[in-house]
Amino acid sequence: MTRRKFLAAATVPAPVVVNLVANTPQGDRPPALRRPAKITRVEATLLQMPLKERFWMSISPIGGMQPKATRLILKLHTDSGITGYGEGSGGGAEELRRGFAGLVLGEDPYMVGRIWEKMFATTYSSDLVKNGWSRGGVISAMAAIDAALYDIMAKAAGLPLYKFLGAYRDAVPVYVTGGYYREGKGISELVQEVRSYLEQGFNAIKLKVGGITGGFSVQDDYHRVKAVREAVGPQVRIMLDANQGWDVATAIQASNQLYDLDITWLEEPLHWYDDVAALQRVKMNTRIPLASGEGEITRWGARRLMDTGAIDFLQFDCHAHAGITEWRKIAGMAGMCHIQLAPHHEPPVHGHLLASVPNGYILEAFANPDRDPFWFEIYERKPKIEKSVLYLDDTPGQGIEFRRQALDRYGARIL
Ligand SMILES: [Mg+2]
């Protein structure tokens, strides 16, 4: 008997199992087959790790002047024994310490729409001030909780998240972010860095520009990007991120100067105080596609951005803000506005989401353990990225497992 025949013979015929389960009341089913009906416990850990150096964007370094990486890891337990993980960018820890997790205890994880609205309603009610929560903290905590609910639902369905959501593809293009400003880093060091990304197989690279207040003129940025274009050749996509470093006139001047270097998008060109409506001015005066949205925290903020007609790529980040539920609503509107999605940060959750929509353009990833240590250290299992593509497999849920020692080493238990 071949191995395949032996295994087929040993398997209980599927219809029998289905009938058996379908005819058995929820409470009498074996735990592994029981549908989760209730969230029973919330665990949360805040990870923090100092970075070895400052990676400067246009006006500030990643993680501040005492740079550190932060991450919130949330675990929801259910009455069926299925647990769900949700990650957040680090905000919301204080809200969880001050009772926010109580909002999901006892809830049916499949009622994710209701749970989302219940959590969001605290941002416009007296609950916020009474509990000492902040609006931003609530939005951050929601991101992790919402992702954990989806992880539970997909695991209970026995499906990877992207298929649970209704998949469009099972592999997603990925770019790497680098080209930070650093003291003593000239053009040759920048080119060397970019070559290391090519050696790692990346074919799309994002560079930082806009460092005027750090002493880099538009002309300096042009020479930096030109050197990179010459080094990588015409086939590699180059994106530029000004991280709100320019005013309108400078953004227009810079984008026109950089145009002949074949730029896929220019990201967040404008200063914070007028970074939405004024994008129209930039759009009318440049041919480079524009990207923005990593700082938006709701679908209404994302709508204002899309309503300008100025952006070609939307970067809403459900890992930092408001969760999968909100991201999916935004993705629908983006599709209707002919806008592609290129979410800010964190490949594990955004990989599933981009794979679930037709207008998912590209995913951000990191290739430097000094810049993004958690990507390299905290996962026991994570999606595979190879040659600028992230591959999803059939592991139920988000398909991530954390490395216990890393969580113990960098984490402080909140709940
Ligand atoms: Mg950015």
(message) Looking at residue 385 and the list (1) within 13 Å of residue 173 (Cα to Cα); (2) surrounded by fewer than 21 Cβ atoms within 10 Å (Cβ to Cβ), which single condition is not satisfied?
(response) (2)
(request) State all residues of the stretch 221-253 that are hydroxyl-bearing (Ser, Thr, Tyr) and over 20 Å from residue 281 (Cβ atoms); if no residue qualifies, say none. (result) 222
(request) Read through the list (1) under 24 Å from residue 349 (Cα atoms); (2) of a type in the set (S, T, N, Q); (3) surrounded by fewer than 22 Cβ atoms within 10 Å (Cβ to Cβ), then give the number of the only condition that residue 131 fails. (result) (1)
(message) Going residue by residue through the stretch 87-109, is there one that turns out to be in a strand (DSSP E or B), closer than 23 Å to residue 137 by Cβ and within 21 Å of the chain's Cα centre (by Cα)?
(response) yes
(request) Being within 16 Å of the ligand (Cβ to nearest atom) and either among the polar types (S, T, N, Q) or under 23 Å from the mean Cα position of the chain (by Cα) (or both) is the filter; apply it to the stretch 272-283 and report the residue that is surrounded by the most Cβ atoms within 10 Å (Cβ to Cβ). (result) 276
(request) Specify which of the listed residues (293, 360) is out of contact with any Lys or Arg (no Cβ under 9 Å at 6 or more places or on another chain) and at pLDDT 95 or above. (result) 293
(request) Give 408, 393, 317 a once-over and let me know the one that is closer than 20 Å to residue 241 by Cβ, modelled with pLDDT of 95 or more and among the charged types (D, E, K, R). (result) 317
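Conditions tested, residue by residue: (1) within 16 Å of the ligand (Cβ to nearest atom); (2) farther than 30 Å from residue 117 by Cβ.
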site: 137; (1), (2): no, no
site: 149; (1), (2): no, no
site: 154; (1), (2): no, no
site: 173; (1), (2): no, yes
site: 185; (1), (2): no, yes
site: 192; (1), (2): no, yes
site: 203; (1), (2): no, yes
site: 210; (1), (2): yes, yes
site: 213; (1), (2): no, yes
(request) Could you list, in sequence order, all residues of the stretch 289-305 that are more than 16 Å from the ligand (Cβ to nearest atom) and hydroxyl-bearing (Ser, Thr, Tyr)? (result) 298
(message) Being under 24 Å from residue 219 (Cβ atoms), within 16 Å of the ligand (Cβ to nearest atom) and not hydrophobic (A, V, I, L, M, F, W, C) is true for just one of 343, 269. Which residue is that?
(response) 269
(request) Could you check how many residues of the stretch 152-189 are part of a strand (DSSP E or B) and more than 19 Å from the chain's Cα centre (by Cα)? (result) 1
(request) Could you check residue 46 against (1) modelled with pLDDT of 95 or more; (2) assigned to a loop (DSSP other than H, G, I, E, B) and say which number it fails? (result) (2)
(request) Could you grab me the full set of residues in the stretch 306-320 that are within 14 Å of the ligand (Cβ to nearest atom) and either under 17 Å from residue 174 (Cβ atoms) or part of a loop (DSSP other than H, G, I, E, B) (or both)? (result) 311, 313, 315, 316, 317, 319, 320
(request) Of all residues in the stretch 226-250, count the ones that are closer than 14 Å to residue 178 by Cα and either within 16 Å of the ligand (Cβ to nearest atom) or not assigned by TED's automatic domain parsing to the domain that holds residue 279 (or both). (result) 7
(message) For the stretch 279-315, which positions are in contact (Cβ under 8 Å) with a residue 12 or more places away in the chain and closer than 16 Å to residue 259 by Cα?
(response) 282, 283, 285, 286, 287, 288, 289, 290, 291, 312
(message) I'm told residue 67 meets every condition in (1) over 30 Å from residue 181 (Cβ atoms); (2) surrounded by 15 or more Cβ atoms within 10 Å (Cβ to Cβ); (3) touching an Asp or Glu at 6+ places or on another chain (Cβ under 8 Å) except one. Can you identify the failing condition by its number?
(response) (1)
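For every residue, the table says whether it meets (1) of a type in the set (Gly, Ala, Ser); (2) surrounded by 13 or more Cβ atoms within 10 Å (Cβ to Cβ).
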position: 364; (1), (2): no, yes
position: 372; (1), (2): no, yes
position: 375; (1), (2): no, yes
position: 378; (1), (2): no, yes
position: 381; (1), (2): no, yes
position: 390; (1), (2): no, yes
position: 397; (1), (2): yes, yes
position: 403; (1), (2): no, yes
position: 413; (1), (2): no, no
(request) Would you tally the residues in the stretch 80-102 being free of Cβ contacts under 8 Å to residues at least 24 places away in the same chain and in contact with a helix residue (DSSP H, G or I) (Cβ under 6 Å, 6 or more places away or on another chain)? (result) 0
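The values are calculated or read from the model by the stated rules, or taken from the named source; none is laboratory data. Predicted model only: the values in this text are computed from it and were never measured. As a convention, Cβ positions derive from the backbone with ideal geometry for all residues, glycine included, and neighbour counts pool all protein chains shown.
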